[in-house]
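Here's the structure, in structure tokens; my notes come after.
Rule-based calculations on the coordinates, nothing more; no lab input. All values reported here derive from a predicted model rather than from experimental measurement. For neighbour counting, all protein chains shown are included, and Cβ atoms are generated from backbone atoms with ideal geometry for every residue, glycine included.
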Amino acid sequence: ATLPQGSGELGIPHKDEWIELCCAAGGYSKVVLLCLILPSLSLPFSMHLIQVDSVQRWMEDLKLMTDCECMCILQSKPISIEKDEQNELILSSQYSTCDNLELLLKRAWIISTELTRIAQKLEKNRWQRVHSMTVRVNCHVRSMINEYNTFTRNSSEEMHQFEKLLIDKCSEFTAITERCIQTEDEQILKSMKSCINETLTTVAQYFGQLIELVLTHEAQNLLRQIELSDSMYITESAISSLFSLTQEGAHLCRIIAKEGGVVALFKICRQDCFRCLYPQTLRTLASICCVEEGMHQLEKVDGILCLADILTDNSHSEATHAEAAAVIAQITSPHLTFTQHLSSFLENMEEIVTALVKLCQEASSGEVFLLASAALANITFFDTMACEILLQLNAMKILLAACSDKHIVDTPYSRDQVVTILANMSVLDQCASEIIQGNGVQLLMEMLFERSSSGNSAEVAACERVQQKSAVTLARLSRDPEVADAAVKLSCIPRLIKLCRSPTERNNSDSVLVACLAALRRLAVMSPDGLEDSDFQQLVKPRLVDSFLLCTNMEESFV
């Protein structure tokens with residue numbers, strides 16, 4: 001385009017000439033002209049220009065009118081001045097696989113969010129917003145497909161078909177919504193709404209199927225590298241990328257498990273040449289085994305036996321033992337509903353428990369202790385025989401000693417695991433003498449004062465669990481007169497009363513309240529003189545449910 005000649009004293013073109021030139025330009029040229037023109041305009045004229053309705057509308061629409069194909073082509077062109085360009089590209093591609101997948105997942109998240117918002121705007125008949133968001137989705141879909149095709153090498157024919165279907169359907173979607181903003185007839189818009197809804201559903205369906213295919217394809221590629229490569233670097237990179245995928249949610253873990261991820265990773269754990277990769281491999285296994293498909297695969301490949309071998313082999317590093325303990329903690333989690341089929345675990349339980357107790361005793365850091373104690377805590381839920389094994393191994397003494405070391409048991413999360421083990425072991429009669437000898441009543445009393453220092457919601461929840469389980473343990477152990485007497489001497493009764501009467505002390509937790517009422521009633525039977533009459537009448541004498549309701553209504557009202 002030819003720039004207009006200046007018409008004023010300072011050689012500044014007349015505003016009508018600028019507007020005529022800008023309107024004549026189209027597409028990419030319009031963007032370039034805007035960038036050239038605005039800095040050169042005088043301030044009063046710039047302000048006047050922005051006030052023009054057509055120009056204002058044009059500036060709002062600019063970001064939606066860019067050429068997607070041009071942008072994607074520009075993004076995919078490599079810049080390199082080295083002669084050995086091809087080798088550099090291959091190395092870069094291998095190195096950035098994880099980053100590329102993260103970019104793909106971010107794009108996918110943006111698109112799914114936009115589709116949800118389109119449905120919301122459609123319900124409100126916001127046709128202009130529906131159209132602009134549809135254009136944006138179209139851009140994102142094309143960019144995602146182009147970006148993915150720049151770093152993948154062997155996409156399947158099925159994937160290409162879905163890519164074409166999705167692009168075509170997005171173009172159709174954009175065309176339909178564009179027709180909607182060109183009419184104001186309510187009847188026509190109402191009739192078109194069902195068509196838009198149907199098209200939106202189809203776009204979402206094609207998009208979901210394409211993402212599923214892409215993620216399955218990437219998981220297959222990574223697993224193929226793990227299974228076939230003898231290179232330490234390639235195997236480590238593939239495992240790292242696989243772990244990153246597992247952090248994106250349970251759905252990806254299911255895909256990896258179905259494609260044989262558990263089998264491939266346990267194969268690594270059975271090869272001595274890959275010993276330095278064991279911690280990373282086991283960490284990835286722990287993530288995959290959060291889903292039922294992963295658990296089934298673990299059972300099929302005798303994964304429990306492999307974990308037991310790793311835990312009992314003293315030649316492995318502490319990091320390897322800690323990650324193996326993390327896998328055990330995951331597969332025995334009481335929150336999972338599909339652990340009943342782990343029959344092989346019972347066969348190896350004594351070896352595993354022994355190794356975990358040793359790991360707790362020799363832990364060099366709080367993280368290692370946390371993983372080992374979490375595994376033990378879950379196992380005590382998994383099977384009652386574990387508590388008897390722990391008692392035989394003097395685990396109570398080891399755990400109580402660890403709690404006195406603030407460098408090892410350094411967080412509410414670690415204390416939560418310890419008190420869980422104590423609570424589950426306290427059902428055994430022999431446990432009381434162990435508690436007395438290890439000064440365990442003092443520790444339980446201290447746990448009743450557990451408070452969060454950061455205010456973080458997860459830490460606050462952990463503190464509540466510590467308070468609740470310490471009260472439960474006291475209630476169970478106080479059937480022994482010696483334990484009850486020690487608790488009374490340590491002023492457990494006043495602390496329990498305060499927890500019952502003050503909601504802020506227990507962070508308004510009902511579970512802590514119930515546990516404290518139960519412990520208080522047990523101690524009151526053993527030592528009735530430790531309570532004032534009002535406490536006895538309100539917290540001990542009534543039915544438990546009545547005392548609970550009384551305490552929950554004690555919160556101060558400011559109305």
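Listing for the model above:
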item	result
Segment 487-558: GluC sites (Glu not before Pro) falling in loop per DSSP and having at most 14 other Cβ within 10 Å	532, 555, 556
Cleavage-rule hits (trypsin sites (Lys or Arg not before Pro)) in segment 376-442: DSSP loop, at most 10 neighbouring Cβ within 10 angstrom	406
Charge dipole (debye, nearest 20) of segment 399-533; +1 at Cβ of Lys and Arg, -1 at Cβ of Asp and Glu	220
Positive-pole candidate from 127, 177, 140, dipole of segment 106-180, charges at beta carbon	127
Charge context of residue 388, other residues only, Cβ under 13 angstrom, K/R +1, D/E -1	-4
Per-residue HN-Hα couplings for segment 309-318 [Karplus 6.51, -1.76, 1.60; θ = phi - 60°; Hz; x = Gly/Pro]	4, 5, 5, 8, 8, 5, 7, 7, 6, 4
Segment 430-527: C-alpha gyration tensor shape, a/c 1.5 cut-off, then a/b vs b/c	prolate
Residue-count net charge about residue 105 - beta-carbon cut-off 13 Å; Lys, Arg +1, Asp, Glu -1	-4
Of 397/469; 358/489; 121/193; 124/164; 498/541, pairs whose Cα-Cα distance is over 22 Å	358/489; 124/164
Proximal charge balance of residue 250 [Cβ under 11 Å; K/R count +1, D/E count -1]	-2
For segment 400-413, Karplus couplings with θ = phi - 60° (6.51, -1.76, 1.60), whole Hz, Gly/Pro x	5, 5, 5, 5, 7, 9, 5, 7, 9, 9, 10, 9, x, 5
Under Karplus coefficients 6.51, -1.76 and 1.60, residue-wise ³J(HN,Hα) of segment 444-453 in Hz, glycine/proline x	5, 4, 5, 5, 5, 9, 4, 9, 7, 8
